[in-house]
Each structure stands twice: as structure tokens, then as C-alpha cells.
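To start, the structure under review is shown below, and the notes come after it.
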Amino acid sequence: MVVRSDLDVMLSFAGRTATPARQPAPYRSGGFGGATGLADYLVRERFDILIDATHPYAAAISANAVTAAGLTNVPLVLLKRPSWQAVAGDRWTEVSNVPAAVQALGNPPRRVFVTLGRNELKPFARAPQHHYLFRSVDPVDPPLPLPQATYVTARGPFAEADERALMSAHRIDVVIAKNSGGTATYAKMIAARTLGVDVIMLRRPPAPEGPIVETIDDALAWLDHALTSPTARGV
């Protein structure tokens, strides 16, 4: 990784994780108050560039970034890692949202490994016949009103051998996941393929309009070009 000393960077977290992973740059946490709040922040702090590197499923945040960039004329690039693609041996069923994932489980009891954010789990209370293993970065508090639920707190990246051991120990027969892309959590996809476990995959929301790059190196190349453009703020 190349260390850049010529950039003044501020990271922004949504504030949904109690203890964010340590970062090599200053950061803030919490919302801005919508697109106009973000636009006010960009102007007040005199930012030259906005990089939307949010989770691929953070559609509202990405939409606000696009609107704020338009209001302020601050150049924007979207850093969106490529989605995973099913390969031979994968047993994926794609659904549009969490309630659809719950419905896709069916009525007969199953052993379900749920790898979604803790704020997205309430719909599973509608299907109490299943045995659930929930994994999240922060504890699920209060626990869901389910008679058969186990909770694990952990932060990726995860090793494939560990994922396979976890699924085997809990006799998992279906995984529910988002198509996050990247390598940090892909091990569970490999483990599911190896074990012959079904996967219920939440489709990604469509990306907003705007320039999109897939890697950090590509984002830096775009940024260097934008900073030398006469349209960039402060240039």
C-alpha cells in the first residue's frame, strides 16, 4: 500500500458500529442530516473531492453523496468493489430484501447462518421455526424473540477453514448474506460451496449515476486527475 502524505483526508462513518476498526486517518462518526447537511459540511470544511466508499448496500448514503456533490460542485467518485459471481458448485437463490430472504427459507425448520447487520434482523422473528446463528460486529441487544438463536460477534476478514468449521459445528444448511464483494467475507461463500450449503443472497441496490471505480488504486488515479482539473475546488 502506498502512503500518501500530500492529502488531507477525513473519513466519515455512519455511526452504526460501536467500535469502528482503527484507521490511519482522522474520522468523524454519525450522519450529516441528509444531502443538504452533507453539502453544508463539504462547503464549511472546504473539501476539494468527495469519495463515496460506503458499503454497496448503503443506497441512501450514496444517493445523498450524489446530491451533495451536485449542490456544491465538488467532484465525486464512487468506489464500489465488484460483486461476487456464482461459480460451479454454488447454490444461490437471489432475493431483493430481508423479508424476501425470510420467505425463501420456507416452512420446514432449517439451520440458518445469518450474516447481516444487527439492525436488519427483525424480520426473522416472523419465522421462529428455524434455528438461527446470527453473526454481527456488535451484539444484538436485545436478542430477537426466537426460541432457537445463537449469537456470535466477530469482525472480518474470516478464514475459509474457520468459516467451514463454524458452519459444520452448527450444522448449517443455509446461509443468508449480502453480495458485498471483496475478500474480507468471501470465505463463507467458499465454505458454503465446499459443504454443499444453500445461500440466500440479497441483491445489490442499483448504483447511483456517476463515475465508478472498483479499486483504491483506481480511486487514487481518478483523484489525482480531478485535483489537476481546473474545475476542482481550490484549484
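None of the figures in this text is laboratory data; all of them are computed from the coordinates on show. Values in this document were obtained by computation on a predicted structure and should not be read as measured data. All Cβ positions, even for glycine, are placed from backbone atoms using ideal geometry, and neighbour counts span all protein chains on display.
General observations
- Gain in span if fully extended, residue 7 to residue 209, counting 0.36 nm per residue against the direct Cα distance: 70.1 nm
- Kyte-Doolittle at least 0.5, axis length at least 18 Å by Cα - qualifying DSSP helices, the chain: 59-72
- Along the stretch 96-110 the Karplus relation, 6.51 cos²θ - 1.76 cosθ + 1.60 evaluated at θ = phi - 60°, assigns HN-Hα couplings of 8, 7, 5, x, 5, 5, 4, 5, 5, 5, x, 8, x, x, 9 Hz to successive residues, with x for each Gly and Pro.
- Overall form of the stretch 92-202 per C-alpha gyration tensor (a/c, 1.5; a/b vs b/c): rounded
- Residue 116 long-range amide H proximity, modeled H, under 5 Å: 135
- Ellipticity at 222 nm from helices only: DSSP H runs of n ≥ 4 in the chain, each -39500 (n - 2.57), divided by the residue count, give -8000 deg cm²/dmol.
- Interchain or long-range residues, amide H under 5 Å from residue 175's placed H: 113, 198, 199, 200
- Amide H to amide H distances under 5 Å link residue 95 with 201, 202, 203, where only residues 5 or more positions off or on other chains count and H is placed in the peptide plane.
- Geometric descriptor of the chain, per residue, is 138 Å³ (volume of the convex hull of the Cα atoms).
- Segments 204-214, 31-41 sorted - mean Cβ within 10 Å per residue, highest first: 31-41, 204-214
- Based on the Stokes-Einstein relation at 37 °C and a viscosity of 0.692 mPa s, and on the Kirkwood radius from alpha carbon pairs, the stretch 1-131 is assigned a translational diffusion coefficient of 181 µm²/s.
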